[in-house]
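Read through the structure below, which is laid out as structure tokens, and then see the notes.
Quick note: the coordinates plus some simple rules give every number you see, no bench work behind them. Because the structure is predicted, anything quoted here is derived from the model rather than measured. Here the Cβ positions follow ideal geometry from the backbone for every residue, glycine too, while neighbour counts run over all protein chains shown.
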Amino acid sequence: MTARAKRIDGVLAGKRVIVCAGSGGVGKTTTAAAIAAALAARGQRTIVLTIDPARRLADALGLPDLGNEEHRVDPERLRDAGLGGDGELWAMTLDAKRTFDELIDRTAPDAETRDAVLANPIYRQLSNAVAGSQEYMAMEKLYELHESGRYDVLVLDTPPTRNALDFLDAPGRLARFIDSRSLQVFRASGRAGLGLVGRGVASMLSVLEKATGVELLRDLAEFFNAFGGMAEGFRDRARHVEALLRDDATTFLLVTSPRAAAIADASHFHAKLAESGMPFGALIVNRVREPVSATADDAELERELTELLGEPLARKALHDVGDRNLLAERDLRNTERMRAELTGGELLTVPELSGDVHDLGGLAAVAAQLFKRQRS
Amino acid sequence: MDALLDRRLIFVTGKGGVGKTTVAAALGLAAARAGRRVLVCEVGDQERLTASFGLPAAGFREVEIEPGLHAFSVNPEDAIAEWLRYQLHSRTLAGLLGGSRIFQYLAMAAPGLAEMVTIGKVWELAQLERKTPSAAPYDLVIVDAPATGHGIALLRAPRTFAEIARVGPVNHQAEIVDGFLRDPAATAVVAVTLAEEMPVSETLDLEQRLYDELGLALDRVYVNALLPDRLKAAETRKLEAAIAGDGNANPSPSALAVLDASLAAHQTVRAQRSQLARLRRGLTAKALSLPHLLAADVGRDGLERLATKLERDL
């Protein structure tokens with residue numbers, strides 16, 4: 001234990017890109033929105049990019065159903081919620097499919113190629129469903145907004161993932177499988193049929209055909225054929241996105257709940273983050289239950305409560321306290337286990353807040369906890 | 001409607017952090033206690049199930065962790081390799097292909113292949129006639145599936161695949177798996193949720209999406225971690241009065257902390273009840289409740305308790 005006071009301010013100072021990552025159900029979106037709102041209140045022009053926010057949070061931020069458009073959060077409503085300031089808060093719900101389509105539109109050398117890619121069944125599945133494409137598109141949009149120079153700070157809420165690699169590896173992965181050398185096989189088969197490619201490749205393809213079915217191969221060949229011309233542009237783009245994630249002005253915040261399973265995910269993610277050399281800023285443990293200062297086995301207290309409430313109710317109240325303290329102890333133990341594992345970065349806790357965190361008032365309450373001085 | 005334990009496959013999904021693994025494990029325990037030969041299958045690279053039993057991870061192997069109860073963890077890499085071996089009827093050829101860079105690209109590029117081979121392996125585990133050499137069949141397979149969105153993607157994969165590979169062996173296999181998942185006598189999709197706003201919303205959304213996108217009905221929803229309601233209305237009023245200092249009571253700071261905590265606990269319970277009611281209003285499937293374990297960790301004892309509770313309606 002150190003007596004050093006830590007604040008999220010130190011972690012976020014000078015950062016232009018803040019990536020909130022973690023498994024599902026830990027309050028990532030709320031945390032991202034609260035940080036963005038607090039930075040806006042401190043005078044920054046800030047945007048939070050969310051994925052599938054809770055309906056009421058989306059309403060609170062004034063986000064429509066349609067994604068991929070930047071919306072400014074009404075300054076008056078921010079002020080009413082205690083989040084007024086000199087900056088601006090913007091928000092956007094990410095639409096991975098639209099981002100991907102827009103990217104194709106920008107990267108395609110001509111309209112014909114663009115249309116061929118957009119209509120290809122393989123592409124349609126890829127842009128919709130494939131694990132990793134949502135992650136990649138989140139980062140792609142982040143990069144695009146960063147390049148626009150319209151914002152001082154970008155806060156990215158990421159898709160929930162138990163597998164850190166899905167996320168961290170996403171930019172490279174897409175570029176890798178569009179890599180032109182391996183594409184030659186499919187492009188050749190698409191253009192000239194299987195007969196004209198090398199013998200080794202032909203036998204490989206015939207095995208693949210046997211295993212998969214010829215139509216799939218043809219779709220793939222067509223897809224890679226159309227995509228081939230865009231490979232360079234894609235690789236280039238992926239390199240820039242990755243460079244942005246590694247930039248000194250970028251920081252990753254890992255968000256977790258104090259539950260054992262979430263902590264295990266966070267620990268896994270933290271290790272992978274370190275392995276990939278990504279800039280780790282802080283671990284935020286949300287919804288930590290705090291113990292009740294009174295002890296349940298205090299005879300004096302028991303007497304007082306019995307006098308005040310009668311025996312049955314006093315016993316129930318003490319029972320409630322016992323439960324709460326048990327869970328608070330569990331939260332503390334899990335949090336401390338995680339603290340011991342952290343290499344670099346800070347650990348910040350946000351207590352379980354009573355009431356609604358899905359409105360602007362709730363965001364203000366979360367922000368107040370995050371930005372207050374914490375002791376380690 | 002068939003009893004849950006009479007299906008061949010139970011697919012457990014739900015929002016992240018609601019206790020899917022715990023419920024899947026407790027269901028497995030309950031099924032084993034009912035005399036079924038059962039396998040609990042985890043999906044993905046992070047294995048938690050065996051840890052609840054104090055055992056190391058099972059990996060891509062069927063391991064008996066208790067009498068009648070088995071664990072397995074499916075990952076796309078091993079599932080693809082295994083699928084290729086069956087497909088090509090040749091270990092050498094499969095090894096050659098699986099080890100090839102081009103195939104790796106293909107596997108990543110072919111949309112949904114990872115999901116397809118994953119659900120395909122789950123299907124294989126649930127068959128009475130196993131393809132795995134010398135593997136005994138299970139009465140029941142329980143899948144600890146990924147969270148809502150990825151869970152739906154997994155269920156959708158066979159259909160997606162059948163559409164992309166319009167003819168050929170892949171199409172044929174995908175159709176068979178798809179048919180198995182859609183047969184309510186064979187497969188039950190079960191959701192786990194918490195009685196909190198976002199998980200409830202996601203569960204309602206899940207039921208709708210399963211129906212709209214896949215024509216599947218949710219079999220049931222387990223509402224996990226419900227807290228006990230200790231206070232009657234009159235008792236709540238008494239607490240409030242005591243906090244307000246009515247009747248010249250002047251509680252000490254310690255007593256006040258207890259009163260506040262008890263009232264806060266009661267408010268949490270009430271919030272849970274109202275979310276449970278909201279879930280029931282919006283849900284077609286039945287919602288069954290599971291108690292909060294109020295223990296330091298779930299552990300073997302916790303699973304036993306949940307299994308006992310689950311046994312009442314299987």
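Reachable lysines from B:K131, Cα under 25 Å, same-chain residues fewer than 8 places away excluded?
Reachable lysines: A:K210, B:K121.
Cut-off under 24 Å on the C-alpha distance; same-chain residues fewer than 8 positions from A:K141 excluded. Which lysines are left, in chain and number order?
A:K15, A:K28, A:K97, A:K272
Give me the net charge for the shell around A:L39: Cβ to Cβ below 13 angstrom, other residues only, Lys and Arg +1, Asp and Glu -1.
So the surrounding residues net to 0.
Within 10 Å of each Cβ in peptide B:146-153, how many partner chain Cβ atoms are there on average? Round it to a whole number, please.
Shielding by partners across B:146-153 averages 5.
Using r as the Cβ-Cβ distance of B:T132 and B:L55, and R0 as 22 Å, what FRET efficiency do you calculate, to the nearest 0.05?
In this case the efficiency is close to 0.55.
Hey, got the average number of other protein chain Cβ atoms within 10 angstrom for residues in A:317-328?
Taking the mean over all residues of the peptide, I get 6.
What FRET efficiency would be calculated for the residue pair B:D205, B:H89, taking the C-beta separation as r and a Förster radius of 35 Å, to the nearest 0.05?
Once the sixth-power term is evaluated, E becomes 0.20.
What distance in nm separates the two pseudo spin-label positions at A:R77 and A:A299, each 7 Å out from Cα along the beta-carbon direction?
5.8 nm
Return the loop-located GluC sites (Glu not before Pro) in segment A:1-100 (DSSP other than H, G, I, E, B) with at most 12 other Cβ atoms within 10 Å of their own Cβ; answer none if there are none.
For GluC sites (Glu not before Pro) across segment A:1-100 that sit outside H, G, I, E and B with at most 12 neighbouring Cβ atoms in 10 Å, the list reads A:E69.
Bin width 5 Å, alpha-carbon pairs only: give the P(r) of segment A:30-132 as whole percents, running from 0 to the bin holding the largest distance.
3, 12, 19, 17, 13, 11, 9, 8, 5, 2, 0
Straight-line reach from B:K238: which lysines fall under 17 Å, measuring Cα to Cα and dropping same-chain residues less than 8 apart?
Correct list for B:K238: A:K316.
Partner chain Cβ atoms within 10 Å, averaged over the residues of B:247-260 - can you pull that number for me?
Mean partner shielding for this stretch: 6.
Within 10 Å of each candidate Cβ there may be at most 14 other Cβ atoms; applying that plus a DSSP loop requirement, which GluC sites (Glu not before Pro) in segment B:112-173 survive?
Here the GluC sites (Glu not before Pro) that fit, given the DSSP loop and packing criteria, are B:E129.
Using the per-residue mean of other Cβ atoms lying within 10 Å as a proxy for protection, in what order, highest first, do the peptides A:319-327, A:253-261 fall?
Packing order, densest peptide first, comes out as A:253-261, A:319-327.
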